[in-house]
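Enquirer: Please see the structure below; I have some questions.
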Amino acid sequence: MTPPPGRHLPIVAATPFPRAAAGALRDTQLRATLGRATRTIRDKRAAVVAEVPDWERLRERAARVKEDVIDRLPELVDQFARAATAAGASVHHAADAAAANALVTELVRARGVDRVVKVKSMATQEIGLNEALAAAGVTAVETDLAELIVQLADDTPSHILVPAIHYHRGQIRELFARRMPGFSADSDDPAVLAGAAREYLRRTFLSARVAVCGANFAVAETGSLVVVESEGNGRMCLTLPDTLIAVVGVEKLLPRFTDLGDFLRLLPRSSTGERMNPYTSIVTGVTPGDGPRRLHVVLLDNGRRRIAADPVGRAALRCIRCSACLNVCPVYERVGGHAYGSVYPGPIGAILSPQLTGQDAGHNATLPYASTLCGACYDVCPVKIDIPAILVHLRQTGPKPAAERAAMAWLAWTMRDRRRWRAALRTARSGGRPLRVLTRRHGGRLRRAPWPLSAWTAHRDAPLPAGESFRDWWRRTHDR
Amino acid sequence: MRIALFVTCLNDAFFPRVGIATVTLLERLGHTVTFPAGQSCCGQLHANTGHRAPARDLERHTEAAFAGHDVVVSPSGSCVAHLRAHTRLPVHELSELLVDVLRVTDVGARFPYRVTYHPTCHGLRMLRLGDRPLRLLAAVRDLELLPLPEPEQCCGFGGTFALKNAAVSGAMLADKCAHAVATGADYLAAADSSCLAHIGGGLARRPDAPRPVHYAEILAATGPGATG
Ligand code: SF4
């Protein structure tokens with residue numbers, strides 16, 4: 001087994017999740033902004049999904065197609081490479097982030113430019129491509145509005161689809177005034193702000209000779225790349241510059257062109273809550289006189305084949321990055337994306353980041369615990385990833401404190417023997433007796449407890465063992 | 001019908017009144033309840049905290065304790081969900097037993113209070129209990145059912161999540177408590193003592209808050225003042 005890649009990448013949490021989350025919770029403005037935004041998208045999604053009578057069948061089919069892809073990754077990678085090459089593209093393979101960054105940097109340098117335009121792409125964020133290009137003296141300009149906001153603010157995205165979800169419009173106006181050349185409007189009307197960004201980006205598009213993109217899907221049969229977007233910036237990047245470089249995670253493959261239909265129905269409804277997205281671009285190799293004259297596709301592994309070998313964890317590779325799971329997650333809604341310390345936040349991030357890096361990277365082992373296992377994510381996932389099951393699996397295979405291990409083993413040892421369990425219940429009961437007297441004022445509940453139970457009583461009263469256990473009551477009333 | 005009760009370790013030690021209510025209710029409906037004394041814990045806590053080996057021990061232990069029983073009932077949605085996923089026991093959550101197997105919704109209870117119901121995550125999304133508990137509560141005499149705002153939102157308990165991510169858990173709890181208080185109900189009912197211990201512990205710190213109650217206690221009640 002190859003060592004996990006990407007130890008210092010934008011997918012490694014630098015802070016334990018509980019600490020980062022507690023910090024985020026103190027930002028009441030952020031909580032209000034996030035609460036409003038996630039609720040709006042959540043309701044929109046629910047409404048448009050309810051319109052599709054065969055939604056469950058669609059999910060089933062899409063999940064099956066993706067499982068087949070994960071089963072046949074190497075074979076489909078080869079098939080895609082052959083088809084794309086035949087259509088005029090150059091296909092490259094990158095085992096990890098460093099290899100991918102080096103490849104893209106080399107390709108950009110070969111064109112002799114110091115600036116590229118970018119279509120929003122999770123894969124390039126995962127490998128930290130913008131930073132790698134900057135180190136080589138190349139500026140990458142994000143052209144998606146929200147991504148541009150985050151870039152202008154020197155911030156990191158906090159949502160897969162709505163990277164600037166943590167900003168409210170007053171903050172955006174202030175940011176544009178500070179960082180966007182030529183911005184003068186004193187209004188924070190969304191239409192005015194979007195108009196200003198459009199002006200700024202137009203100038204950039206027209207002068208750019210190289211574009212970098214990702215892909216939502218890559219069709220093995222035809223070698224096509226599919227980019228789904230809302231703003232039209234993607235369409236410009238894919239058609240105007242004469243060189244296009246796509247960085248595509250190998251799990252984005254679909255076997256056949258006809259598989260696209262289901263996914264193009266599932267994705268917009270799940271992500272933006274729209275029936276259809278405004279722009280769907282399909283690029284197949286190079287067509288003389290139409291679009292880029294050079295097309296490079298970098299197929300990225302970066303831990304994906306290792307994940308594919310895990311019988312439980314591999315389902316995470318089905319993900320189409322719709323972000324529906326973020327919008328319904330009660331934890332994400334309260335702490336936002338930055339607390340997850342990775343470009344993949346929320347429920348999908350909690351199962352993807354630790355798997356991509358290995359659980360010993362940074363504090364990624366705390367991510368699988370960032371969930372109550374409430375199951376809301378599984379319910380909405382368009383490719384039926386049982387996220388709670390993978391969270392539990394990662395907890396079971398990840399590192400755990402020795403004291404917790406010992407306590408759990410002792411508890412199980414006590415509980416699987418009738419006499420030991422009865423004795424433990426009696427001990428708990430008699431130990432609780434003085435407390436029950438002392439806490440009568442609070443209805444027999446404990447208001448303050450010593451560590452580690454103080455974590456409980458910081459937020460709520462704790463119950464005390466009952467004066468008579470159920471089994472003693474049963475003995476007294478039924479076992480005569 | 002002979003029905004074996006899986007009371008759960010939490011109810012056994014902390015909330016015996018929930019087990020007693022379940023027994024009282026089923027006996028009142030004319031059934032024979034048994035309590036296999038070998039039972040303790042289903043292993044859910046261990047499994048969900050990441051400790052597979054002790055969890056497996058407890059799953060096997062529970063399976064052995066209930067060997068030979070054709071109908072098993074438990075007043076805990078999350079434990080039922082766990083046993084269903086990890087054992088072959090014929091186990092029903094209480095509302096499933098009443099509505100689907102015994103085919104009753106009016107269990108002859110009387111509870112003259114205003115009640116709001118929180119459908120816990122396991123009941124809602126893993127067992128798909130749907131409106132079974134609500135139908136049972138709606139048939140209780142003199143009970144006024146008040147809708148809980150954003151009912152499907154998790155209360156923030158999540159087992160050891162409440163300790164490991166105490167701050168987030170507390171924030172989720174605060175919202176759930178605020179919704180419960182806003183209903184003006186006398187009681188907040190649910191199908192899981194663990195969530196109720198968490199929500200109840202939060203409600204206890206607020207004035208004019210509903211009191212936590214397991215819906216089995218309501219179904220067992222035949223007049224005022226029947227629950228703690
Ligand atoms: S895990 Fe499922 S719901 Fe979440 S982003 Fe991926 S596809 Fe969407």
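Nothing in this text is a laboratory measurement; each read-out follows from the coordinates by a stated rule. Quick caveat: nothing in here was measured; it's all calculated off a predicted structure. FYI the Cβ positions are ideal-geometry reconstructions off the backbone, even for glycines, and counts take in every protein chain you see.
Enquirer: Partner chain Cβ atoms within 10 Å, averaged over the residues of A:401-411 - can you pull that number for me?
Expert: If you average over the peptide's residues, the count of other-chain Cβ atoms is 3.
Enquirer: Turning to a different aspect of this structure: Would you mind ranking B:His46, A:His168, A:His478 so that the residue whose beta carbon has the fewest other beta carbons within 10 Å leads the list?
Expert: A:His478, A:His168, B:His46
Enquirer: Ordered by packing density, taken as the mean number of other Cβ atoms within 10 Å over each peptide's residues, highest first, how do A:100-109, B:29-38 rank?
Expert: Those peptides, ordered most packed to least, come out A:100-109, B:29-38.
Enquirer: What is the distance in Å between the Cα centres of the stretch B:66-127 and the stretch A:183-241?
Expert: 53
Enquirer: Using the Karplus equation 6.51 cos²θ - 1.76 cosθ + 1.60 (θ = phi - 60°), what ³J(HN,Hα) coupling, rounded to whole Hz, does each residue of the stretch B:15-23 give in order, writing x for Gly and Pro?
Expert: Karplus-based 3J(HN,Hα) across the stretch B:15-23 equals 10, x, 4, 5, x, 4, 4, 4, 5 Hz.
Enquirer: If you don't mind, there's one more thing I want to ask. Can you give the helix-only mean residue ellipticity at 222 nm for chain A, where every DSSP H stretch with n ≥ 4 adds -39500 (n - 2.57) and the sum goes over all residues, rounded to the nearest 500 deg cm²/dmol?
Expert: Estimated from H runs of four or more residues: -15000 deg cm²/dmol.
Enquirer: Shielding by partners for A:331-339, please: the mean number of other protein chain Cβ atoms within 10 Å of each residue's Cβ.
Expert: That average works out to 3.
Enquirer: Can you tell me the order of B:51-57, B:147-153 when each peptide is scored by its average per-residue count of other Cβ atoms within 10 angstrom, highest first?
Expert: Listed from highest to lowest mean packing, they are B:51-57, B:147-153.
Enquirer: Can you give the Rg to Rh ratio of the stretch B:1-146, both from alpha-carbon atoms, with Rh computed by the Kirkwood formula?
Expert: That ratio equals 0.97.
Enquirer: For the stretch A:371-381, take each phi angle, set θ = phi - 60°, evaluate the Karplus expression 6.51 cos²θ - 1.76 cosθ + 1.60, and give the result in whole Hz per residue in order, putting x for glycine and proline.
Expert: Along the stretch A:371-381, the couplings run 7, 8, 6, 6, x, 4, 5, 4, 4, 9, 4 Hz.
Enquirer: Another question, if that's okay. Does the stretch B:114-220 come out rounded, prolate or oblate, given a ≥ b ≥ c as the square roots of the eigenvalues of its C-alpha gyration tensor, rounded meaning a/c under 1.5 and, failing that, prolate meaning a/b above b/c?
Expert: oblate
Enquirer: Shifting gears a bit: In the structure displayed, which of A:Lys44/A:Lys252; A:Lys384/B:Lys176; A:Lys66/A:Lys120; A:Lys44/A:Lys120; A:Lys44/B:Lys176; A:Lys118/B:Lys164 lie more than 32 Å apart, Cα to Cα?
Expert: From A:Lys44/A:Lys252; A:Lys384/B:Lys176; A:Lys66/A:Lys120; A:Lys44/A:Lys120; A:Lys44/B:Lys176; A:Lys118/B:Lys164, over 32 Å: A:Lys118/B:Lys164.
Enquirer: By how many degrees, 0 to 90 and rounded to 10, does the Cα axis of helix A:28-50 deviate from the longest principal axis of chain A?
Expert: Tilt relative to chain A: about 80 degrees.
Enquirer: Can you sort B:Val18, B:Val140 so the residue with the fewest Cβ neighbours within 10 Å comes first?
Expert: Going from sparsest to densest Cβ surroundings: B:Val140, B:Val18.
Enquirer: Taking C-beta distances below 4.7 angstrom as the pairing criterion, name the unpartnered cysteines of chain A, in sequence order.
Expert: Cys with no partner Cβ under 4.7 Å: A:Cys213, A:Cys237, A:Cys319, A:Cys322, A:Cys329, A:Cys381.
Enquirer: Give me, ordered by chain and number, the residues 5 or more places off B:Glu144 or on other chains with an amide H under 5 Å from its own placed amide H.
Expert: B:Tyr113, B:Arg114, B:Val115
Enquirer: Let me know the shape class of the stretch A:18-305, please: from the alpha-carbon gyration tensor, a ≥ b ≥ c as square roots of the eigenvalues, rounded when a/c is under 1.5, otherwise prolate if a/b is greater than b/c, or oblate.
Expert: Oblate, since a/c reaches 1.5 and b/c is not below a/b.
Enquirer: Let me ask something else about it. When the dipole is taken about the Cα centre of the protein assembly as shown, and only Lys, Arg (+1) and Asp, Glu (-1) are charged at their Cβ, what size is it in debye, to the nearest 20?
Expert: With only Lys, Arg, Asp and Glu charged at Cβ, the dipole is about 2080 debye.
Enquirer: So, in Å, what gap is there between the alpha-carbon centers of the stretch A:332-392 and the stretch A:251-317?
Expert: 21
Enquirer: Residues with amide H under 5 Å of A:His93's amide H, sequence separation 5 or more or different chain, H placed in the peptide plane at 1.01 Å from N; which?
Expert: Under 5 Å from the amide H of A:His93 lie the amide H atoms of A:Leu299, each far enough along the sequence or on another chain.
Enquirer: Hey, another quick one. Enter the angle in degrees (range 0 to 90, nearest 10) between the Cα long axis of helix A:169-179 and the first principal axis of the Cα atoms of chain A, meaning the one along which they spread out most.
Expert: 50
Enquirer: Once you order the gyration tensor axes a ≥ b ≥ c over the Cα atoms, which shape class does chain A get: rounded for a/c under 1.5, otherwise prolate or oblate by comparing a/b with b/c?
Expert: Because a/c hits 1.5 or more and a/b exceeds b/c, chain A counts as prolate.
Enquirer: Right, something else. Could you give me the ³J(HN,Hα) list for the stretch A:387-401, computed from phi with Karplus coefficients 6.51, -1.76, 1.60 and θ = phi - 60°, whole Hz, x at Gly and Pro?
Expert: 4, x, 5, 6, 4, 5, 4, 5, 4, 6, 9, x, x, 9, x
Enquirer: Something else now. For A:Leu373, B:Leu145, what's the fewest-to-most ordering of other Cβ within 10 Å of each Cβ?
Expert: Fewest-to-most ranking of A:Leu373, B:Leu145: B:Leu145, A:Leu373.
Enquirer: For the stretch A:404-477, what is one quarter of the convex hull surface built on the Cα atoms, given in nm²?
Expert: 6.0
Enquirer: Hey, got the average number of other protein chain Cβ atoms within 10 angstrom for residues in B:123-131?
Expert: Shielding by partners across B:123-131 averages 2.
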